[in-house]
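Nothing in this text is a laboratory measurement; each read-out follows from the coordinates by a stated rule. It should be emphasised that the depicted structure is a prediction, and the values quoted were computed from it without experimental measurement. So basically every Cβ, Gly included, is an ideal-geometry build from the backbone, and we count neighbours across all protein chains shown.
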Amino acid sequence: MANKIYLRFKQILPKPIKNILSSINQRLFARKRLQQKYGYWFDVDWRKKFSTLSDEEWTNAYDEVWKHHHNDCLDETDSELILSAISQAEARNITPIRTVLEIGCGYGTLAIAMATAGYKVTCLDVSSEALLRAKNRADADNIFITWQQGFAERIPFPDQSFDVITCCHTLEHVKDLEATVQGMKRVAKTALVILVPKQEFRLYAENYHTQFFPSKQELINAFGLQQYTCIELDCIEHKGEFQGEALLYLGFL
Ligand SMILES: C[S@@+](CC[C@H](N)C(=O)[O-])C[C@H]1O[C@@H](n2cnc3c(N)ncnc32)[C@H](O)[C@@H]1O
């Protein structure tokens with residue numbers, strides 16, 4: 001509740017004031033507060049060094065993230081929102097949408113919702129720890145999903161092998177944005193459904209974000225597609241872990 005009030009208060013502040021407060025927080029308090037909050041496993045300096053990390057260091061870091069999260073606080077994405085975006089893509093398409101690749105599936109909530117809705121779902125995530133948790137959840141309900149460990153920057157599937165790609169709260173985590181976007185456009189036949197936080201760059205924060213989308217334009221430019229919709233969302237009242245402003249992009253190939 002206090003967090004929601006704080007987020008609403010931030011929304012009404014003029015941008016220059018917001019920037020000054022953020023800069024004071026970053027310089028004086030943020031790094032120390034994060035070290036105290038998370039302890040040894042959280043890499044406070046992730047943003048300074050992410051581009052130099054090896055694949056192994058990257059996967060180990062995300063495995064640690066998943067080991068230190070409780071299962072019930074991981075659902076960042078509102079599945080209904082994404083299912084409705086897929087329906088919009090379906091409405092434009094002559095052939096039905098059957099196959100979906102979910103990139104950065106995490107704990108698997110969206111993947112399970114999509115499989116339950118009748119799509120044939122494949123999930124890719126860099127963390128085996130996340131995949132194991134997601135698979136256990138799906139298996140418990142006899143839901144069939146294909147699980148694949150790997151990097152969004154090197155999607156290990158042939159060209160046009162999925163009708164739709166979904167990627168929610170993950171694009172802001174990748175090491176190489178351009179390679180990731182090119183890969184998504186290569187493996188998708190019909191549409192891309194992308195959800196990211198609407199966020200200014202910050203050096204110290206409670207997550208391993210590496211890419212920042214302060215407005216719709218950064219996301220639109222990153223994909224460079226001719227046909228798309230991109231909307232701003234206020235997720236402050238959402239049930240999931242993510243509470244803030246987000247951007248939902250639906251790109252057509
Ligand atoms: C914030 S979580 C989002 C999980 C889920 N999509 C949701 O909305 O709740 C980001 C996910 O991206 C994965 N990830 C991070 N870097 C990645 C990369 N380069 N390639 C593939 N997955 C990555 C992490 O393991 C994590 O599961």
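Helical runs assigned H by DSSP (4 residues or longer) give the chain a calculated mean residue ellipticity at 222 nm of -12000 deg cm²/dmol, each run adding -39500 (n - 2.57) before division by the residue total.
Which of rounded, prolate or oblate describes region 72-252 when judged by the alpha-carbon gyration tensor and an a/c cut-off of 1.5? Here region 72-252 falls in the rounded category. Of the chymotrypsin sites (Phe, Trp or Tyr not before Pro) found in region 99-154, those in coil by DSSP whose Cβ has at most 16 other Cβ atoms within 10 Å are F144. In summary, the lysines within cross-link reach of K48, defined as a Cα separation below 24 angstrom excluding same-chain residues under 8 places away, comprise K18, K32, K37, K67, K175, K198.
Net charge in the neighbourhood of L247 (other residues with Cβ under 12 Å of its Cβ; Lys, Arg +1, Asp, Glu -1) is -3. Coupling constants for region 189-197 follow from the phi torsions by the Karplus curve (6.51 cos²θ - 1.76 cosθ + 1.60, θ = phi - 60°), and in residue order they are 9, 10, 8, 10, 10, 10, 10, 9, x Hz; glycine and proline get x.
Could you give the nm distance between label points at A205 and D63, where each point is 7 Å from its Cα heading toward the beta carbon? Result: 2.7 nm between the two label points.
Here the relative contact order of region 122-253, from alpha carbon pairs under 8 Å that lie six or more residues apart, stands at 21 percent. Taking a straight Cα-Cα cut-off under 14 Å and skipping sequence neighbours fewer than 8 places away in the same chain, the aspartates and glutamates within cross-link reach of K10 are E200, D234, E245. Would you give the gap between the C-alpha center of region 149-211 and the C-alpha center of region 57-133, rounded to a whole Å? Each part reduced to its Cα centre gives a spacing of 12 Å. Screening the chain for whole DSSP H helices of 24 Å or more along their axis (Cα) with average Kyte-Doolittle hydropathy at least 1.0 returns none. Classified by the C-alpha gyration tensor, region 1-136 has an oblate form. Its axis ratio a/c, with a ≥ b ≥ c, is 1.5 or above, and a/b does not exceed b/c.
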